[in-house]
Amino acid sequence: MFGPSDSEAGTARAEADRPLDSDGTALPAPSPLPSEHEDRAMMARTFTVRCAWNEAAGVFFVHDSPVPGLATEAPTMPALLCKLPGMIRDLLGLEDDAYLDIYVERVKR
């Protein structure tokens, strides 16, 4: 009758699960991500772009991509990598600061 309520017992369990400070008190729970980071994490888009080397033209080019219409080339792989984020955002109609995870596979042509 005079024991802890269910909510008090839940709070005590949550504190018991947290790591302890050197004096034995529970460390504070981590704060949630700020909303801007949470939105970015939820809106993350992942793409795998396959690129190949064209010996005759002397350029790396997009061989295969899940992004419709993505076609570009560059004389070096770093130059090609610099072009991909902006082109993908443009083709998909994303904002300039939209977060993208782009993985590049080099394939033989």
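Taken together, the values in this text are just the output of simple stated rules run on the coordinates, not laboratory data. Everything numeric here is computed off the predicted structure, so don't read it as measured data. Every residue, glycine as well, gets a Cβ built from its backbone with ideal geometry; the counts of neighbours run over all protein chains shown.
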Between Rg and the Kirkwood Rh of the range 37-106, both from Cα atoms, what is the Rg to Rh ratio?
1.01
Separation between the Lys83 and Asp96 pseudo-spin-labels, each 7 Å from Cα along Cα→Cβ, expressed in nm?
2.1
